[in-house]
Structures are given as C-alpha cells and as structure tokens.
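The values are calculated or read from the model by the stated rules, or taken from the named source; none is laboratory data. The structure presented is a predicted model; accordingly, all values stated were derived computationally and were not measured. Cβ atoms come from the backbone with ideal geometry, glycine included; neighbour counts cover every protein chain shown.
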Amino acid sequence: MDLDLSHPSIGDLRRAARKRMPKFAFEYLDSGTGRELGLKGNRDALDAIGFMPSVLRGRTVAKLQTTLLSRTYDLPFGIAPIGMSGLMWAGAERMLAKAAVAHNMPFSLSSVAVASPEDVAPYIGNTGWFQHYPVNSGELRRKMLRRIKAAGFHTLIFTVDVPEESRRERQRRANLTVPPKADLRTLTEMASRPAWCLAHLREGIMPRMRFFDDYVPTRGRESFTHAAALIRGIPDWTYLRELRQEWDGSLVVKGVLRPEDAQRVLAEGVDCIWVSNHSGRQFEAGPAVIDQLPKIRDAVGPDVPLIYDSGVAWGLDIMRAFAKGADFVMVGRAFQYAVAAFGARGIEHLIHILKADIQSNMSQLGAEKLDDLSNYLLPQV
Ligand SMILES: Cc1cc2nc3c(=O)[nH]c(=O)nc-3n(C[C@H](O)[C@H](O)[C@H](O)COP(=O)(O)O)c2cc1C
C-alpha cells in the first residue's frame with residue numbers, strides 16, 4: 001500500500017488508528033476536556049492565520065534544520081511527551097525514539113509513559129528529552145533526576161499546566177483504567193482489536209507507568225490515575241526554583257499561556273518556554289494557544305527560545321506557529337495516531353507528511369526560512 005495515496009493526511013492516520021485501537025485507548029488519546037472547546041479554539045485560531053504568496057522567487061527549497069537550546073535538529077518539529085504512549089500501541093515509545101534518532105529530532109518521554117527511562121535509553125541517542133510532573137518530596141525528585149540523567153536525557157521538561165486532573169468526559173465514558181479492567185466491556189473491546197492485543201502480548205508488558213515501579217507500592221494501582229497521583233506534589237514557584245537548582249541541563253517549562261508567567265519563569269533561570277494548553281485536555285475556556293504566542297514573544301523578547309504545541313495537524317500549522325513567534329514546534333497526538341495506525345512505518349509516513357507539507361507550502365509562498373514567515377502573514381481582523 002502506498003501510504004501517500006491511501007493516507008495522505010493526519011486525519012487519515014487518525015481514522016486508521018481508531019480502527020486498530022480499543023475504544024478506551026482511542027478516547028484517552030483523542031479527547032479534550034469538557035465540551036472540547038479548547039480543541040476547537042486551537043483549530044479555529046490556527047485556521048484563521050493566512051499567508052500572502054510572493055511570486056517569481058525562482059525555485060525555493062525550505063530550510064528545515066533548526067537550532068534549539070544549543071543543539072541543531074534536522075527538523076523544526078519534535079515528539080511531545082504522551083502519557084501511556086505504550087497503551088496506544090505496544091512499544092510505541094521505543095519506535096518513536098528510534099525515529100527521532102534517525103531524523104535527528106527531539107523525542108520526549110513522559111514520566112507517565114509505559115516505557116521507563118531505562119527502557120528507551122538504548123534508543124534515544126542525543127535526542128532525549130524527559131518530562132517531569134511535580135512529586136511530593138525533594139528527595140524523591142532528586143532521585144528521579146539522577147535516574148533520568150543516567151539514562152541519557154539531556155533536556156528536562158517541567159509541565160505546569162496540570163495542577164490537578166481534568167475531567168475528560170469522553171475518556172470516562174470509555175471506561176478507561178490502567179491496567180485495563182478485565183470486565184466484559186473492556187474484554188469485548190480488546191477482542192475486537194486482535195492486532196493491538198497481539199502486539200501487547202508480544203511486548204510482554206502490561207501497560208502501566210513503569211517509571212513509578214520503584215516509587216509507588218503496587219497496591220493502589222487499580223485506577224488510571226493512581227500511580228502518579230500517589231506521589232503528586234505541589235506545582236508552585238518554590239518547586240520550580242528547587243528544580244532549577246537541581247537540574248544542570250536545559251530546563252523547559254511547558255504549559256505557559258500568560259506573558260507575565262513567562263517572564264517570571266525566565267527570571268527563575270529557565271532556558272525555554274513551551275507555550276501550550278495541553279491541546280485542550282485540561283481546561284477548555286482559556287485562549288487559543290496560537291493567539292498567546294505573539295504576546296509571549298513580545299513579553300520575553302527575541303532571544304528566548306519558544307516552543308509551540310497544541311493542535312498541529314498539518315505542516316502548515318508548523319509554519320503558522322513559526323510565523324507567530326515560535327522557534328520550534330512539538331507534535332503530540334499525530335505521532336500516536338501514526339504509530340497505532342502503521343507502527344514504525346506510520347511514524348516515517350507522518351514525518352514525511354509534515355516535511356512534504358512544509359516544503360510544498362513554503363514553495364507556494366516563495367519562502368525558504370521558517371524564521372522569515374512573519375513577513376508573509378495576512379493581516380488578521
Ligand atoms: C493522550 C495524551 C497524553 C498526554 N500526556 C502528557 C504527559 O504525560 N505530559 C505532558 O507534559 N503532556 C502530555 N500531553 C500533552 C502533549 O505533550 C502535548 O502538549 C499535546 O498533545 C500537543 O497537542 P497535539 O496533541 O494537538 O499535537 C498529553 C497529550 C495527550 C493527547
């Protein structure tokens with residue numbers, strides 16, 4: 001099958017993933033919170049951003065190589081951290097890490113992924129970023145940081161937009177628990193997805209948050225949230241200050257929307273701000289992320305690295321983010337759809353889709369540098 005003909009867009013990969021994943025896993029991946037206004041708001045705001053093409057520029061070839069936090073990546077986008085990624089498809093984290101190395105792009109491992117830092121350590125090369133949620137003791141945090149460093153991760157992402165769990169109704173209705181409940185409904189759903197079951201059997205790991213194995217007693221793991229909730233800490237400025245003192249690599253704070261928060265985060269010595277609303281999974285009544293990006297850029301000045309995520313569904317969205325002030329873009333769900341749809345081949349195909357879409361749209365504009373794209377923006381009403 002030529003995927004470029006059968007599945008030319010991320011929407012096609014999403015539909016293919018839906019057919020291969022049990023409903024509880026797909027709903028966990030796909031849902032937003034509440035009425036999902038956050039998801040819609042991100043999409044609408046991205047769609048509202050247009051560009052003015054310029055003609056007779058000769059043959060233009062977009063330059064995709066991007067430097068971020070003193071490292072040069074071959075692509076302007078990377079893989080965002082996804083909790084329970086290995087639930088979407090067995091071994092997803094390993095496949096994503098391998099692809100990140102092959103394409104020299106960042107791979108972020110969530111602290112609540114199925115794979116532990118040690119599970120993926122052999123595959124991350126120089127591309128490893130690790131995502132951290134606050135935990136309830138400084139000693140535990142320091143232990144975790146040592147472990148992450150020893151596994152070869154050089155960049156730490158501190159996620160600050162999950163002060164508490166959000167109520168994702170679709171996910172709840174889908175009866176999601178980890179490990180999956182052995183009730184009739186779940187078993188029936190799993191039985192309807194034999195390839196998914198087989199992949200998990202081959203992997204030989206019950207999907208759970210393996211990083212926490214050493215920190216959380218096995219009892220109390222019944223519910224989806226427990227492993228992380230049992231050691232959850234308080235996300236405050238003191239926590240950030242301590243984390244900065246303890247982590248000597250690059251530190252990125254993820255989930256910032258207010259310009260004044262961005263300024264304060266920087267004053268704490270953080271290296272990079274990741275502008276995101278968790279793609280509408282936490283709070284649906286906030287602003288569209290892309291609308292906050294230029295405001296944060298204005299507040300922090302031209303030299304602070306800014307990462308954008310939330311709602312990227314085309315290469316064009318990556319261009320929109322660069323035009324509005326981003327230095328780099330991260331992609332979440334799309335990589336999980338890709339791996340669930342076609343495994344490692346799906347990841348390759350997604351990278352191809354995003355690259356080809358950027359190349360093609362940059363040529364239509366007559367632009368070569370992502371950093372120049374603000375000059376092509378249409379005025380917004
Ligand atoms: C299923 C799922 C799980 C996620 N888990 C985490 C996580 O563990 N840590 C984190 O910082 N962000 C997490 N995120 C947020 C992503 O890192 C990222 O911000 C978001 O997915 C980007 O938007 P996109 O999915 O529209 O590309 C998760 C997102 C999804 C969809």
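Can you name the residue in segment 178-203 that is surrounded by fewer than 16 Cβ atoms within 10 Å (Cβ to Cβ) and among the hydroxyl-bearing types (Ser, Thr, Tyr) and is also modelled with the lowest pLDDT among such residues?
Thr188
Read through the list (1) crowded, with 20+ Cβ neighbours inside 10 Å; (2) within 18 Å of the chain's Cα centre (by Cα); (3) within 14 Å of the ligand (Cβ to nearest atom), then give the number of the only condition that Thr127 fails.
Evaluating Thr127 over (1) crowded, with 20+ Cβ neighbours inside 10 Å; (2) within 18 Å of the chain's Cα centre (by Cα); (3) within 14 Å of the ligand (Cβ to nearest atom) leaves (3) as the failure.
Out of all the residues in segment 343-367, which are within 16 Å of the ligand (Cβ to nearest atom) and either modelled with pLDDT under 95 or aliphatic (A, V, I, L, M) (or both)?
Selection gives Ile347, Leu350, Ile351, Ile353, Leu354, Ile358.
Go through segment 252-262 and report how many residues are part of a helix (DSSP H, G or I) and out of contact with any helix residue (DSSP H, G or I) (no Cβ under 6 Å at 6 or more places or on another chain).
Counting residues in segment 252-262 that are part of a helix (DSSP H, G or I) and out of contact with any helix residue (DSSP H, G or I) (no Cβ under 6 Å at 6 or more places or on another chain) gives 2.
Taking segment 288-309, which residues are out of contact with any Cys (no Cβ under 6 Å at 6 or more places or on another chain) and away from the ligand (no atom under 15 Å from the Cβ)?
Asp291, Pro294, Lys295, Ile296, Arg297, Asp298, Ala299, Val300, Gly301, Pro302, Asp303, Val304
Just need a number here: residues in segment 20-57 that are assigned to a helix (DSSP H, G or I), touching a helix residue (DSSP H, G or I) at 6+ places or on another chain (Cβ under 8 Å) and either of a type in the set (A, V, I, L, M, F, W, C) or exposed (fewer than 15 other Cβ atoms within 10 Å of the Cβ) (or both).
From segment 20-57, those assigned to a helix (DSSP H, G or I) are 20, 23-30, 37-47; that's our starting set.
With the extra rule that they be touching a helix residue (DSSP H, G or I) at 6+ places or on another chain (Cβ under 8 Å), the set shrinks to 20, 23-30, 37-42, 45-46.
This time we only want the ones that are either of a type in the set (A, V, I, L, M, F, W, C) or exposed (fewer than 15 other Cβ atoms within 10 Å of the Cβ) (or both), so: 24-26, 29, 37, 39, 45-46.
The total comes to 8.
Residues in segment 59-72: is at least one within 28 Å of Trp196 (Cα to Cα), touching a residue at least 40 places away in the same chain (Cβ under 8 Å) and more than 16 Å from the ligand (Cβ to nearest atom)?
no
Quick check, is Phe153 at pLDDT 85 or above, in contact with a His (Cβ under 6 Å, 6 or more places away or on another chain) and within 16 Å of the ligand (Cβ to nearest atom)? Spell out the reasoning first.
Details: at pLDDT 85 or above: yes; in contact with a His (Cβ under 6 Å, 6 or more places away or on another chain): no; within 16 Å of the ligand (Cβ to nearest atom): yes.
Criteria not met by Phe153.
In segment 1-15, which residues are within 17 Å of Gln336 (Cβ to Cβ) and surrounded by fewer than 19 Cβ atoms within 10 Å (Cβ to Cβ)?
Ser9, Gly11, Asp12, Arg15
Filtering segment 247-287 down to residues that are polar (S, T, N, Q) and touching a Leu at 6+ places or on another chain (Cβ under 9 Å), which residue is farthest from the ligand (Cβ to nearest atom)? Don't jump to the end; show me each part of the working.
Our first condition is that a residue be polar (S, T, N, Q); within segment 247-287, this holds for 250, 263, 276-277, 279, 282.
Checking the rest, the ones that are also touching a Leu at 6+ places or on another chain (Cβ under 9 Å) come to 250, 276-277, 279.
Numbers: Ser250: 16, Ser276: 5, Asn277: 8, Ser279: 3 Å.
Looking at the filtered set, the residue picked out is Ser250.
For segment 61-115, enumerate the residues that are assigned to a helix (DSSP H, G or I) and among the hydroxyl-bearing types (Ser, Thr, Tyr).
The answer is Ser85, and nothing else.
Looking at segment 160-172, can you tell me whether even one residue there is within 30 Å of Arg258 (Cα to Cα), basic (Lys, Arg) and part of a loop (DSSP other than H, G, I, E, B)?
The answer is yes, given that some residue of segment 160-172 is within 30 Å of Arg258 (Cα to Cα), basic (Lys, Arg) and part of a loop (DSSP other than H, G, I, E, B).
Quick check: is even one residue across segment 29-42 without any contact (Cβ under 8 Å) to a residue 24 or more places away in the chain and either more than 23 Å from His349 (Cα to Cα) or charged (D, E, K, R) (or both)?
no
In segment 321-342, how many residues are closer than 24 Å to Pro302 by Cβ, within 9 Å of the ligand (Cβ to nearest atom) and of a type in the set (Phe, Trp, Tyr)?
Summing the residues that are closer than 24 Å to Pro302 by Cβ, within 9 Å of the ligand (Cβ to nearest atom) and of a type in the set (Phe, Trp, Tyr) in segment 321-342 gives 0.
Being within 12 Å of the ligand (Cβ to nearest atom) and of a type in the set (A, V, I, L, M) narrows it down to one residue among Met88, Met95, Met52; which is it? It would help to see each step written out before you state the result.
Details: Met95 fails: within 12 Å of the ligand (Cβ to nearest atom); Met52 fails: within 12 Å of the ligand (Cβ to nearest atom).
The conditions single out Met88.
Select from segment 263-296 the residues that are out of contact with any helix residue (DSSP H, G or I) (no Cβ under 8 Å at 6 or more places or on another chain) and among the charged types (D, E, K, R) and list them in ascending order.
Across segment 263-296, the qualifying residue is only Asp271.
Which condition breaks for Ala182 when tested against (1) closer than 26 Å to Ile347 by Cβ; (2) assigned to a loop (DSSP other than H, G, I, E, B)?
Evaluating Ala182 over (1) closer than 26 Å to Ile347 by Cβ; (2) assigned to a loop (DSSP other than H, G, I, E, B) leaves (1) as the failure.
Looking at the structure I just gave you, is Arg244 basic (Lys, Arg) and within 14 Å of the ligand (Cβ to nearest atom)?
No; evaluated as a whole, the condition is false for this residue.
Pairs needed: first member in segment 240-253, under 9 Å from Asp271 (Cα atoms); second member anywhere, crowded, with 18+ Cβ neighbours inside 10 Å and hydroxyl-bearing (Ser, Thr, Tyr); C-beta distance under 9 Å; at least 6 residues apart or different chains.
Listed by first residue and then by second, the contacts come to Ser250/Thr155; Leu251/Thr155; Val252/Thr155; Val253/Thr159.
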